[in-house]
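The values are calculated or read from the model by the stated rules, or taken from the named source; none is laboratory data. As the structure is a prediction and not an experimental result, all values here were calculated from the model. Using ideal geometry, Cβ is built from the backbone for each residue, glycine included, and neighbour counts are taken over all protein chains shown. Side chains included, ligands, DNA and RNA excluded: accessible areas come from the protein's heavy atoms. Shrake-Rupley method; radii C 1.70, N 1.55, O 1.52, S 1.80 Å.
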There are 2 protein chains.
Amino acid sequence: MDLVWLVPTTGVLAVLFAFWLARNVLTSDAGTPEMQTIADMIFEGSMAFLRRQYGTIAVLAVVVAGVVGVLVASVSDGVREIVFANSTIDYGERVVSPTEEGILTALAFLAGAAASGLSGYIGMYISVRSNLRVASAAQRSLKAAITLAMRGGAVSGFLVVALSLLGVSGIFLVYSNVLGNPPSIAPFLVIGFGFGASFVALFAQIGGGIYTKAADVGADLVGKVEAGIPEDDPRNAAVVADLVGDNVGDCAGRGADLFESMSAENIGAMILGVAIYTVTGRIEWIMFPLVLRSFGILAAMVGVIVMPMFAREEDFDHPMRPLDMGYYVVSALSIVGLFVTTKAMLGDVWHWYFFCGLVGIACGTAFVYITQYYTSGAWRPVKEIARASATGPATNAIIGTAVGLETTAATAIAIGAALLASFALGSQAEIPEIPAFTAGIFGTAVATMGMLMSAAYILAMDTFGPITDNAGGITEMSGAPEGARRITDALDTAGNTTKALTKGYAVGSAGLAAFLLFSAYLDKVKDRLGIPLVEELPIDISSIDVFVGGLLGMMLVLLFSSLTIRAVGSAAEKIIEEVRRQFRENPGIMTGETRPDYGRAVDITARAALREMVAPGILAVGLPVAVGLGFRFLRDASVEVAGVEYPESAGWLAVAGTLIVGTIGGILIATFLNNSGGAWDNAKKYIESGDMRDAAGNVVQKGSPTHAAAVVGDTIGDPFKDTAGPSLHVLIKLLATVTLVLAPLFVNS
Amino acid sequence: MDLVWLVPTTGVLAVLFAFWLARNVLTSDAGTPEMQTIADMIFEGSMAFLRRQYGTIAVLAVVVAGVVGVLVASVSDGVREIVFANSTIDYGERVVSPTEEGILTALAFLAGAAASGLSGYIGMYISVRSNLRVASAAQRSLKAAITLAMRGGAVSGFLVVALSLLGVSGIFLVYSNVLGNPPSIAPFLVIGFGFGASFVALFAQIGGGIYTKAADVGADLVGKVEAGIPEDDPRNAAVVADLVGDNVGDCAGRGADLFESMSAENIGAMILGVAIYTVTGRIEWIMFPLVLRSFGILAAMVGVIVMPMFAREEDFDHPMRPLDMGYYVVSALSIVGLFVTTKAMLGDVWHWYFFCGLVGIACGTAFVYITQYYTSGAWRPVKEIARASATGPATNAIIGTAVGLETTAATAIAIGAALLASFALGSQAEIPEIPAFTAGIFGTAVATMGMLMSAAYILAMDTFGPITDNAGGITEMSGAPEGARRITDALDTAGNTTKALTKGYAVGSAGLAAFLLFSAYLDKVKDRLGIPLVEELPIDISSIDVFVGGLLGMMLVLLFSSLTIRAVGSAAEKIIEEVRRQFRENPGIMTGETRPDYGRAVDITARAALREMVAPGILAVGLPVAVGLGFRFLRDASVEVAGVEYPESAGWLAVAGTLIVGTIGGILIATFLNNSGGAWDNAKKYIESGDMRDAAGNVVQKGSPTHAAAVVGDTIGDPFKDTAGPSLHVLIKLLATVTLVLAPLFVNS
């Protein structure tokens, strides 16, 4: 049964695999000199932004690590060993002092921040080197191009997953075995890693998201709408900034997002495992999530390797087919891995948790299809938006909003059904002395793990998006032949789909994980209050603190969305002004005689994005802390002044309300933003494809008023789907990790 | 102390006052024959729609009343008398049998439905008779016009408030004294009245909201955007439908909305009062809400009477001034009434509840100002949207969305602060044997009552909106002189503000009331479970049923918004096609030689609106019932099949999650929809006012691309602010009343 050796082995293997893929990509043909010139500009712009962005984030991370360390050291009681004896719990010796807890948490935070930053940086480095090779391969073969794009994307995917696995397990090892602590306390110290990862992910996603959409919106408005030149036209000064944006937003941002998803989910599941471990004494309950993740990595590797076998030359109409087939292979192998792991590690009740894992895998697949249904041109929703464009931009926007809101139903029902099913299955597992409630929650954790087994493959598909998008841009700007464009167009369509479905997948996993992370938070609070972990601690939503906390949680989601959406608008205006200025001051640009100053546009975008990312970032980290401390001191003060003890009132209760309502709201608002944006985008593409006919039966032309209306919708959706929506994913998980780390601060003295 | 006689007296007085106002309005000058022709068309169209709509609703209401009666009769245990004895509770004899309970609930439902329908119908009748008189008065004097518009609006306002008060108190009287039941059980039977009122309000608001915005969007798109003719131009076939829409949406819809707000809040507060009554034996705790409401009506009467004194001729720039001054008078008198009522009825602890009431009055005032800040052209948010219009409709839409989302922060903070403050103050009231928790919740109820004391005046201001809007339309269409237009323009601006702030007020009161209605629901569940009302019943949001119920509650809000927004889009397309057809087939319309066929456009709009109101209506009523029954039977079945008792799982728990998260989400999403729409509207008006200058310092002209972009934003906002947002208010309260009535169905056997 001892499968734990798989964890470091797979982690190292995944890193080696990523390097092999990177070498494979980098040694392939690098195209014509024209292509290289453009690719170099994208590379320079991307890396310059990333360096500046990570420089800012690094400073913030070090400051926050210090603050967190000091706070934890000053308010915590330290960590005590949990000793189980006949249905009661005994908190033994304090094995970690408050100061040690502060230091270890701060160090874990820094490790998480560094690993998250590193995986984003390397992944992006390869991604902006892959685009050129894919563009070059597209001059020869669809199969070669799709293989190369997927491999370039997989570098990022496997590094993210491997660093998350190695980070969590490495710190766990150091904090238990190396420092000589009992394994039951280590997960409570490792959460700093998740917080660090979330923190970097938050700023990476917000900053990148603002950059990419400000550039995109700015370039579109001034190019397509005002000057009447096509997308990616080299006369547009913002076009390089736009291509840079695809990398820094979609690639680095989503990598950081899923890095923290996996880390937070791993740690949360380990904390739940501690509850069972303290009763059964079996360490497998804590190590299970790490082993299962290892099998997921192996499955994803096979998927990436076999995917090219399903690619057919000349099959321009079904570019998603090989990617989909690869996903089925990963899912099938994941089921095998799930079987082996549950059977080997979870004793007599393994089959119940095997079923829970299946629920998770099914849920992941459901999300892939739900997203495609709502955002792909083949089905009713997108066609409905396209049709509404015939009566102008306002009806396009109205129907797009309605479609986006509608998509939340399938999402909520899928998450709800998966939670209910996995909880019901898990609670059937009769583990002696473990209440059905605890066993059930562990079931939801296994479902989340099952869903996230395919994370490396999904991430590879996601990064496939910006790589192919860039390849298309390079092909267009370098004046490559028609055949190559046809290939990159097909890849670009597939890339849009994969980008959209990754978002659905990220939301779905956040929804499933929410429940287990919330339970982990309650475990931490119980630990602090001296309540056995296997006992229930009700969070009564009819109490005033929880209700108002919940109200503020919902507010956080909406205000955060407001700030990120507005940031795109503000930054885009700066870019529009710059492009207009260049057109005005240099008439040679429009005639094609002189090249616009791309670098200046890139620089202006970068500065605007970095400035705009600060306010939403501070709100996201600050509000839960303010609620927790505010309610704690409000209650303490009112007890002192009025001499009245409020029933069931405390900072940790208000924070629980913020966490849970913020999570529910965040999941569904993110779904709305992601899918409305995706649907608007594809409604425009559907019209451009020439498949739409008006009432008189004529094909709706590109450039017609109907198309112009669809372009407006697409632009409205840009900050929704690529800035606010993805940033909300990160916000949800940040909420979970920040409250988990700082829980002791919110418990009234 | 016996102030109860005030309740019927004030109720009757308010009805008489409404009739006096109606007579006053109807006997004033009815203008020129041209005006009368147009006003008659509006009148005919409005009444025809209302008759058809209420016909449909009446059938639905009778069916639902029957179903509710049968359900309650078959699942309830009947109602038992609650006898208090030394900290324990004793359920005495069953005084109402299940069959009786079913019949009484169904009858109360029908009474609520009838009263709600009646107040909407009469109010609207006067409103569509007032518009003409206001237009006529505008040819003479601003002061006369504003006085008449306010009086016309007040007819609706006082009827709504009086019928709610008389209905609730009358049924209470019949169900306790006349039938010989103890007063502690009557409030549980009266809730049917609230449910009936919500049910009618829901369909009235959805149907009216779809009608008004489908007509508005359709008329705008085809008129202003396509044909390039101004608003309210008689050549537009949809223009009468648009004017009809103002009445059926804003006037009848909002009347029904606030009718049920007050009824639900009254009944909820009475149920909370029962908890204290069962311990103290003092009936005042049950009757207090009705008496306080009576004082509110008296204060509002004085406000309406004195308002004209503050109006100044020729003060075109501050049309809101007299309305604001009247509101201050109402607030000041409300404080006096609050003082008298609390002191007379609430014994030793009266001062704590006096403070709670003050919190509510302050909260109402805060909402009036928050709404004005975010939706009036004088401040930053609207100017920001106007400025963004310079870069096109997409940036206008993006910034408008950001502003709308931002407004949720002030709303959430104001509601949260008012709840915390009134709960804290209320829980200081030391009533023997009553826990601080119960006393605190009663404090939030008093705050809600305090806020709603000014309801009649606020409603009068609200109906002022469509009356002045219509008066402007009649003036424009009948070719009245410039001076009259200047007056109606000033009134129209004030009317837009009053319409917006009523929505803020309705959301705020829904937020405050949410907590008390939720407590009332728990009281009903406790009653059914045999738990003393003064004991706490925790709703643990970390339990799977509550969490998934909450997820579905948030989903309900978003899906409901989707359906109502889409309905406007679909109906508007029908109207656009019709107007285009008329322009095409009858070229004389555009040259002004022939009149378009207004009646046909009115008819098409009415049919489309009635068809589209069914789906969201069924969703709103059906989802909470489906959640409650679904979870109940799911649990029952799983206990039977698997032999496992789930911990803390039941239909009523899942419904509690749906109720509370749906309420929080509904309040804030409604705020977003209302305020983004209002801000877009006023950004357009701000540009039209000629106050905006572009980067070069030139005044932005009406008809410029910037203005066109602002018109797109205004149109997007139409279904947000006048259909989905207001319908969400009703949804929130319907959720509360439907669960309150059907609570026994959701308790596992």
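Here are the numbers:
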item	result
Electrostatic dipole magnitude of the range A:229-384 [Cβ: Lys, Arg +1; Asp, Glu -1; Cα centre; debye, to 20]	740 debye
Teacher prompt: A:Asn698 distances to equivalent labels in other copies, 7 Å Cα→Cβ, nm	3.3
Cβ-defined net charge surrounding B:Ile441, 11 Å radius [Lys, Arg +1; Asp, Glu -1]	-2
Length-normalised contact order for chain A - Cα pairs under 8 Å, 6+ apart - percent	20 percent
Under 11 Å, Cβ to Cβ, from B:Ser704 - net charge with Lys/Arg +1 and Asp/Glu -1	-1
For the range B:454-529: rounded, prolate or oblate by the Cα gyration tensor [a/c cutoff 1.5]	prolate
In degrees, nearest ten, helix A:254-280 long axis to first principal axis of chain A (Cα)	20 degrees
Inter-centroid distance (Cα atoms) of the range B:530-572 relative to the range A:459-524, Å	32 Å
Solvent-accessible heavy-atom area per residue, rounded to whole Å², over chain A at 1.4 Å	28 Å²
Pair A:Ala695, B:Ile618: separation of 7 Å Cα→Cβ label points (nm)	2.9 nm
Area of B:Leu148 that stays accessible when all protein chains are in place (1.4 Å probe, Å², to 10)	20 Å²
The range B:334-366-the range A:398-419 distance, computed between alpha-carbon centres (Å)	43 Å
Rounded accessible area of A:Asp29 (nearest 10 Å², 1.4 Å probe)	90 Å²
Solvent-accessible area, 1.4 Å probe, carbon plus sulfur percent, for chain A	61 percent
FRET efficiency, B:Glu535 to B:Asp348 (Cβ-Cβ, R0 22 Å, nearest 0.05)	0.40
Anisotropy class of the range A:139-208 from Cα gyration tensor, a/c 1.5 cut	oblate
Over chain A: helical MRE at 222 nm, DSSP H runs n ≥ 4 each giving -39500 (n - 2.57), nearest 500	-27500 deg cm²/dmol
Shielding of B:216-223 by partner chains, average beta-carbon count, 10 Å	2
Largest to smallest accessible area among B:Arg151, B:Arg23 [probe 1.4 Å]	B:Arg23, B:Arg151
Per-residue average of Cβ from other chains inside 10 Å of B:657-663	3
FRET efficiency for B:Ala332 and B:Ala417, using Cβ-Cβ distance with R0 set to 30 Å, rounded to 0.05	0.85
Radius of gyration, Dmax [chain A; alpha carbons; angstrom]	25.3, 84
Volume of the Cα convex hull of the protein assembly as shown, divided per residue and given in Å³	155 Å³
Computed E for A:Arg321/A:Glu44 - FRET, C-beta separation, R0 35 angstrom, nearest 0.05	0.50
Solvent-accessible area buried by pairing A with B, both sides, nearest 100 square angstrom, 1.4 angstrom probe	7200 Å²
Accessible area of A:Thr395 in the full protein assembly, 1.4 Å probe (Å², nearest 10)	0 Å²
Loop-located chymotrypsin sites (Phe, Trp or Tyr not before Pro) in the range B:251-318 whose Cβ has at most 16 other Cβ within 10 Å (DSSP)	B:Phe316
Residue (of B:Gly245, B:Gly553, B:Thr401) at the positive-pole extreme of chain B, dipole from beta-carbon charges	B:Gly245
Candidate lysines - alpha carbon under 19 Å from B:Lys684, same-chain residues fewer than 8 apart omitted	B:Lys213, B:Lys224, B:Lys383, B:Lys499, B:Lys702, B:Lys721
Distance between the range B:200-224 and the range A:722-746 - C-alpha centres, whole angstrom	40 Å
For the range B:258-299: relative contact order, % (alpha-carbon pairs under 8 angstrom, 6 or more apart)	34 percent
